[in-house]
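The values are calculated or read from the model by the stated rules, or taken from the named source; none is laboratory data. Just so it is clear, the model here is predicted, and its values are computed rather than measured. Note: ideal-geometry Cβ built from the backbone for every residue, glycine included; neighbour counts use all protein chains shown.
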Amino acid sequence: MNMNQWATLKEDMKQAAKDLGIDAIGVASPDPFVTLKERLIRHRELGRESGFEPKDLDRRTDPSLLFDRPKSIIAIAVAYSSKLENAPKSEEGARRGIFARASWGNDYHHVLRDRLSKLENWLRERVPDLRAESMVDTGELSDRAVAERAGIGFSAKNCSIINPELGSWIYLGEMITNLPLEPDEQVTEQCGSCTKCIDACPTGALVGPGELDAQKCVSFLTQTKTLLSDEYMRKIGNRLYGCDTCQIVCPINRGKNWTQHDDLQPDPELAKPLLIPLLSLSNKQFKEQFGHVSGAWRGKKPIQRNAVIALGNFKDATAVPALTEVLIKDPREVLRATAAWALGRIGTQAARESLERALAHEKDEAARTKIEQALSQQNTEQ
C-alpha cells in the first residue's frame, strides 16, 4: 500500500469503530515512552507502586521489546455506565455494599478482548499480512500512556484518561501492529485549575496532579487481602471493590452515562449487593454470583473482608449475629480480626458479649489485639 491507501485504511477503521463496539479509536507511534519511564522510576523510588504492576520497566515502556518491528499502536476506548438504574436501597437490617462502576457489567478484560479481536479480524480482511498483538489492563504497556499518545483523551489530575466526549468512564485497550498508520494528534484539553479530585480523595492518595500513591488509594486497599488500619477501614466506607470518588467529582463527567453496550450493563443486585449474605458465601457460590465481573479477580476474601468493614462502618446492630459467626468460626485470621473491629464499631451489648466470648479462645495475636482494642474503645464510640 502507498501512503494514501494507509490513510484511507485508517479513516475507514475509524468509521467502522462504532459497528465493532468501540467508542473511540486512535493511533499512536510505537516509539519508547521515555517520559513515562522516568515517571515510573520515580514512582518506584518513592514506594508508590501498588505491587500489581509488571516489574520490568523497559518492557512497560518500549513496544519493540514486546513486538518485532512495530509500526503503530492502535488504542481503543469502550464506554461504560456511571449511573445505576433502579438501584436497591441500603437500609437498616439490609445494608448494601458497592462495587466500583468499572466492575458493574461483564468483566471488561473479556469485553475489550472481544472488541480488539473484532478489530483485528476487520484489519486482516483488508491487510492479510497483518501482525498484531492486543492487550488489556494486564498487558505490559500502560493503557493510559498509549491512549494519551493516540489522542483518545488527556491525562487528568486524577490519573484517569478523560475523553472530551465520553469523560473518564471508559475502558482502554491497545493493539501493537506492523501497519504504518499515521499517529493521531494528542488531545490538548486539560483540567485547568480544577483540583476537585485531589481535594475529594478519601485518603489523600492523589499526592499531586497526576501523581498517585497507590499504597494509599482506596481502590488498591479494597483489593488487598491483609488486615487494614483503623483509619483505612473507616475510609473504605461500604466499598467492596474499587473507588470512584475522584471520577464522580470530576466536572467533565457530570451527566455522562453510557448504556450502548449490552454486555456492560449492570445488574443492580450485583453492583450493590446485600452485605450480610456475602459473609457466608462458599467459593462456588461466589464464583457463580460474581465470577463474571472484574471485581472478582482477587477472589472472595477481599470482598468478604470489605463487607465486614462496611457493616462496621454502618454500625448496623442487626449484623451482630453474622459478624459474631465470622469472629468465632472463620478460619481466616484477617477476617476474624476485621470482624472484631466491626463489632467494636457497632458497640452494642450483644457486640461486647461476642467480643468477650471470642477473646477467651482466640489464639492469633493480631486478632486478639483487635478484640482487645474493640473492647477498650467500645464505650468511646457511643
Listed by first then second residue, the pairs whose first member lies in segment 26-54 and is farther than 30 Å from E182 by Cα and in contact (Cβ under 8 Å) with a residue 40 or more places away in the chain, whose partner is surrounded by 12 or more Cβ atoms within 10 Å (Cβ to Cβ) and charged (D, E, K, R), with beta carbons under 7 Å and at least 6 positions apart or on separate chains, are R48/D213
Against the condition touching a Lys or Arg at 6+ places or on another chain (Cβ under 8 Å), assigned to a helix (DSSP H, G or I) and modelled with pLDDT under 95, how does L9 come out, does it pass? no
Looking only at segment 140-151, decide whether some residue is at pLDDT below 95, out of contact with any strand residue (DSSP E or B) (no Cβ under 8 Å at 6 or more places or on another chain), within 21 Å of G105 (Cβ to Cβ) and surrounded by fewer than 24 Cβ atoms within 10 Å (Cβ to Cβ). no
Enumeration of residues in segment 278-310 that are touching a residue at least 12 places away in the same chain (Cβ under 8 Å), of a type in the set (K, R), part of a helix (DSSP H, G or I) and surrounded by fewer than 18 Cβ atoms within 10 Å (Cβ to Cβ): K301
If you scan segment 129-159, which residues turn out to be of a type in the set (A, V, I, L, M) and touching a helix residue (DSSP H, G or I) at 6+ places or on another chain (Cβ under 6 Å)? L130, A132, V136, A145
Pairs please, first residue from segment 115-128 and without any contact (Cβ under 8 Å) to a residue 40 or more places away in the chain, second anywhere and surrounded by fewer than 17 Cβ atoms within 10 Å (Cβ to Cβ), Cβ atoms under 6 Å, 6+ apart in sequence or on different chains. R124/L130
Going by the structure shown, is E53 surrounded by fewer than 17 Cβ atoms within 10 Å (Cβ to Cβ) and over 24 Å from K225 (Cα atoms)? no
List every residue pair whose Cβ atoms sit under 8 Å apart, with the two residues 6 or more apart in sequence or on different chains, where the first one lies in segment 60-71 and is without any contact (Cβ under 8 Å) to a residue 40 or more places away in the chain and the second, anywhere, is crowded, with 16+ Cβ neighbours inside 10 Å and of a type in the set (F, W, Y). D62/F33
Looking at E92, E125 in this structure, which one is acidic (D, E), over 18 Å from the mean Cα position of the chain (by Cα), on the phi < 0 side of the Ramachandran plot and at pLDDT below 95? E92
Show me the helices (runs of 4 or more DSSP H) entirely contained within segment 332-382 in which 2 or more residues are of a type in the set (S, T, Y) and either touching a Lys or Arg at 6+ places or on another chain (Cβ under 8 Å) or without any contact (Cβ under 8 Å) to a residue 60 or more places away in the chain (or both). 365-381
If you check N158, N238, which single one turns out to be over 28 Å from A7 (Cα atoms), touching a Cys at 6+ places or on another chain (Cβ under 9 Å), touching a residue at least 60 places away in the same chain (Cβ under 8 Å) and of a type outside the set (F, W, Y)? N158
Checking I309, I303, I346 in turn, the sole residue that is more than 27 Å from D267 (Cα to Cα) and modelled with pLDDT of 95 or more turns out to be I346
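Okay, residues lined up against (1) aromatic (F, W, Y); (2) closer than 24 Å to K315 by Cβ; (3) crowded, with 18+ Cβ neighbours inside 10 Å:
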{"site": "K225", "(1), (2), (3)": "no, no, no"}
{"site": "L228", "(1), (2), (3)": "no, yes, yes"}
{"site": "M233", "(1), (2), (3)": "no, yes, yes"}
{"site": "D244", "(1), (2), (3)": "no, yes, yes"}
{"site": "N253", "(1), (2), (3)": "no, no, yes"}
{"site": "N257", "(1), (2), (3)": "no, no, no"}
{"site": "H261", "(1), (2), (3)": "no, no, yes"}
{"site": "P268", "(1), (2), (3)": "no, no, no"}
{"site": "I276", "(1), (2), (3)": "no, yes, yes"}
Quick check, is K315 surrounded by fewer than 19 Cβ atoms within 10 Å (Cβ to Cβ) and in contact (Cβ under 8 Å) with a residue 24 or more places away in the chain? yes
Of the conditions (1) more than 24 Å from the chain's Cα centre (by Cα); (2) assigned to a loop (DSSP other than H, G, I, E, B), S81 satisfies every one except a single condition; which number is it? (1)
Filter segment 161-197 down to the residues that are of a type in the set (A, V, I, L, M) and touching a Pro at 6+ places or on another chain (Cβ under 7 Å), then identify the one that is surrounded by the fewest Cβ atoms within 10 Å (Cβ to Cβ). V187
